[in-house]
């Protein structure tokens, strides 16, 4: 009998911090653990080397006519700092009041375990299950999955013939309301550095004669939004995918009040486009965000200089249909067009990620030739979640970015069924991370029903 | 015979870095040296204790009817870092190609020595010279003269009955063209900190819903100037003293070309109010300058956050007739009026300094009842400098601030005759500081003529 909670406790105890090379041993142990679990389930395990942390691939082969599901997860976790804020050892799973605590409990060891356990239980019950499975469990998600796209390209032939990807690495609004994420924002990053005089100047001797680059930066950055917080870059919204009525209706069932959201952020007012609630704005609209600013003297007291330089770190979150390369170039050109005399600019391009959107079946805007097994999976998830969690799932876009989901779509042509099994209170990436065990147990049941349905035995 | 160059070499060799407590011994030795010099000249020396570095006061008493000149200087110097950029030991005077090198050579030991030597030589030649003198040589100029104003207040009775203050701690444009500084800008500092959400937020999950304080800061700061670089704060220019035609004419003789100034700053364009040259702008107009900006992530690469906070360090340079307290309040109130919903602001007031302006005699805007001994001193300086340097001095306002000059005016009612004896190439506050020895020798002669004239023997 597969014991998911016992397995998860072992999984959490393994120290798989991918960003820190001192955790090399922990990464190896974790990979061995994952391999063993899949071996015990009778899958064919392969460790695929990458320049850094290998990918664990575990397969259940079968007839070409059987449905083929790729199940994605990651065995690496975030660092545990600040360690002094943890109430227990982050690498020792502790169960308390129906929650399991430890680094990675919710991101992503627990949610991933729902699908592993579902497969293990299904295969115990139905050794002849007519379903092909490929687990892809990577070890570099927390450092940006630098080697996953190369892996997808290399294995394109065998992976692209799958029907869909199933994963749980997204958020649900509450334990009563599961969300299926159908959209993720893309991203494009750039950094602008302005230079005025060739060195910091005495603000008495030269102030009033020269363009202060900190002032020029503020004027430039201020020009990038209008008073309604729309991005003031010509063409920025040209390709933005429209929002359907069903999406807005679905989102109204989110169950979070604006007042509570404001309170949690400590603000007295939102700042959204007219006609968009804050919940809509983060999902349906692109942004241009200043992630950092710097110029001149930042220490205690004052230093009377005209700084030589000023910089802004900018990222744009993009919605479906927007191209990060195109938007990056638009923003860059707009900035260059607005540099005043007396100031020079350098713009450095950063990382990019494509936005993602899958329209669920049976919506007014669903594609005409909906892939039948994807449709079957969405339908099965809809009813399985309704049965196990007591409420039908919400099909929602999210504001965050998981670039690999868009990469899987663009490289393999596959859509993803993303079932949210962690919750806002789970403290992912923070001290005292935990997972609601009822999300795990119900998640296992739902996953089993979805997979069984696809295999034609549900 | 007083040997000014020998004395200056000794003076430079003494390590009087006021800001660094490890130079306590050097400060003591320097103070003793200055006292000894004045004692040897037959003056009555008093060491006036302060909470940090004492002030050396040296007096030549005399008949109440004799003119009384206060000569100001400072015996402390800037730190020598970065020491590796010095071509010689900063505390060992080296004479080369007509210049004397070492920390403090130009700021202020050399220029100050011109007046000490002038007095020494005059007193040797005319032991009965009918002139009262009070040297005030402080040890805290490089740390903002925190104890000079309290000293002025305490000694107000004896100091206020002087006729004027004579000093050389300002710049002349070249060795051929001495400037007499007649105006200094004041200053008022403040720091604005904006807060949006109560912590840094994930820019995917929340971006688009909340006001980014870095964006709000840019919008706020951008609102503080119009496109002609005028400060956009209602009332900011209300009290600005007018500029007289003679001032603009005088300034045209500065002898520095705009092209050369631009080149030295590495910029392709100035950014001044229409109708003001860059040389006029820094002297006749107040500014609002961003000395530093900071927000969010400033390290390598990118971090996809909506920052919680953003700050700007601001100083305004003020011109004659502007009140730092009034302007500080105007700017503060304007900023508070412009804080949008969703953002809160905290403003911290910094230091303040009053602007200073003395109109030389015989100008269209000179006061009607010009103090006769001040008039005599200005006239004597005019002709003495013309004789010794070959060209009449320019009477110019400067863009920098020396708050003690305005303090002396407001506390004692005395104006200052500021004769520029250091030059742009002297590298004050920087490695390889030096002074042109011809500025010293000619400065001694000019100072002697001015003092002798005041004493009625010129």
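Please state the shape class of segment A:57-149: rounded when a/c is under 1.5, otherwise prolate if a/b exceeds b/c and oblate if not, all from the C-alpha gyration tensor. Because a/c hits 1.5 or more and a/b fails to exceed b/c, segment A:57-149 counts as oblate. Relative contact order for chain A: 26 percent, from Cα pairs under 8 Å spaced at least 6 residues apart, divided by residue count. Look at where the Cα atoms of segment A:350-367 and of segment A:88-129 average out, and the two centres are 29 Å apart. The alpha carbons of segment A:251-353 give a radius of gyration and a Dmax of 18.3, 54 Å, in that order.
How many percent of all Cα-Cα pairs in segment A:175-309 sit more than 19 Å apart? Everything past 19 Å amounts to 66 percent. Taking Cα atoms only, the orientation of helix A:110-125 departs from the longest principal axis of chain A by about 20 degrees. Hey, with R₀ at 56 Å, roughly what FRET efficiency would residue B:269 and residue B:83 work out to, going by the Cβ-Cβ distance, to 0.05? Rounded to the nearest 0.05, the efficiency is 0.95. Principal axis analysis of the Cα atoms in the protein assembly as shown yields extents of 122, 50, 46 Å, listed in decreasing size. May I ask for the angle, rounded to the nearest 10°, between helix A:4-13 and the longest principal axis of chain A, with both axes built from Cα atoms and the value confined to 0 to 90°? Computed tilt is about 40 degrees. Look at the stretch B:19-31: the mean tally of other chain Cβ atoms within 10 Å of its residues' Cβ atoms is 0.
Could you please state, rounded to a whole Å, how far the C-alpha centre of segment B:171-236 is from the C-alpha centre of segment B:376-438? Spelled out, the Cα-based centre of one part sits 31 Å from the other. Report for the protein assembly as shown the percent antiparallel among DSSP-assigned beta bridges with both residues inside it, nearest 5. Antiparallel bridges: around 75 percent, rounded to the nearest 5.
Only alpha carbons enter this Debye calculation for chain B, each as an equal point scatterer, and the log10 of I(q)/I(0) it gives at q = 0.08, 0.10 Å⁻¹ is -0.53, -0.80. Centre-to-centre separation between the Cα atoms of segment A:255-285 and those of segment A:1-79: 38 Å. Taking the three principal axes of the alpha carbon atoms in segment B:134-195, the coordinate ranges are 52, 40, 20 Å, sorted in descending order. Counted by neighbouring Cβ atoms within 10 Å, the residues B:18, A:447 run from fewest to most as B:18, A:447.
Shape of segment B:8-74 from the C-alpha gyration tensor: prolate (a/c of 1.5 or more and a/b above b/c, with a ≥ b ≥ c the square roots of its eigenvalues). Short-range pairs are left out: with C-alpha atoms under 8 Å and at least six residues apart, the relative contact order of segment B:157-305 is 28 percent. Peptide B:396-403 shows a mean partner chain C-beta count of 3 within 10 Å per residue C-beta.
Between 0 and 90 degrees, the angle of helix A:437-454 with respect to the longest Cα principal axis of chain A falls at about 70 degrees.
Across segment B:363-458, the relative contact order, built from alpha-carbon pairs under 8 Å that are at least six residues apart, equals 38 percent. Inter-chain neighbour count for A:271-281: the average number of beta-carbon atoms from partner chains within 10 Å of each residue's beta-carbon is 3.
Helix-derived [θ] at 222 nm for chain A: sum -39500 (n - 2.57) over DSSP H runs of at least 4, divide by residue count, nearest 500? Here the helix-only value at 222 nm equals -10000 deg cm²/dmol. Each of A:36, A:76, A:337 was scored by other Cβ atoms within 10 Å of its Cβ. Arranged with the fewest first, they read A:337, A:36, A:76.
A short reminder: the numbers here are calculations on the coordinates, not readings from a lab. It should be emphasised that the depicted structure is a prediction, and the values quoted were computed from it without experimental measurement. Cβ: placed from backbone, ideal geometry, glycine included. Neighbour counts: every protein chain shown.
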